[in-house]
Amino acid sequence: MVLKKALPLAAMEKILKRAGADRVGEDAKAQLRDMLEAYAMNVGEQASAYAKHAGRKTVKAEDISLAFKNR
């Protein structure tokens, strides 16, 4: 079973071009997507744990900020 990626490759190209790249290879787009998704998953898991610890089911912006700072 192949899992669908959450971030589109076109968005990765936009990010890399805004960062100064003239051209972007398909492998670079895929690598950036994979790394960003892994990082976001870790932040999301931590944020979810903070929300649960606070007795909430809803993850709030403050949970994301706290998780991001504690990376």
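Each value in this text was obtained by applying a stated rule to the coordinates, not by laboratory testing. Being a predicted model, the structure only gives us computed values, none of them experimental.
Laid out as a table, the results:
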{"quantity": "Value of relative contact order over the chain, rounded to a whole percent, pairs C-alpha under 8 Å and six or more apart", "calculated": "24 percent"}
{"quantity": "Tally of Lys pairs whose C-alpha atoms are under 25 Å apart, taken over the chain, 8 or more apart or cross-chain", "calculated": "14"}
{"quantity": "From phi via Karplus (6.51, -1.76, 1.60), per-residue ³J(HN,Hα) for segment 61-71 in Hz, x at Gly/Pro", "calculated": "4, 5, 5, 5, 4, 5, 5, 5, 5, 8, 7"}
{"quantity": "Difference of contour (0.36 nm per residue) and Cα-Cα distance, TYR39 to LEU9", "calculated": "9.2 nm"}
{"quantity": "Computed [θ] at 222 nm, deg cm²/dmol, the chain (DSSP H ≥ 4; -39,500 (n - 2.57); rounded to nearest 500)", "calculated": "-22000 deg cm²/dmol"}
{"quantity": "Calculated from backbone phi, Karplus (6.51, -1.76, 1.60) coupling profile of segment 24-38 in Hz, x at Gly/Pro", "calculated": "9, x, 4, 5, 5, 4, 5, 5, 4, 4, 4, 5, 5, 5, 5"}
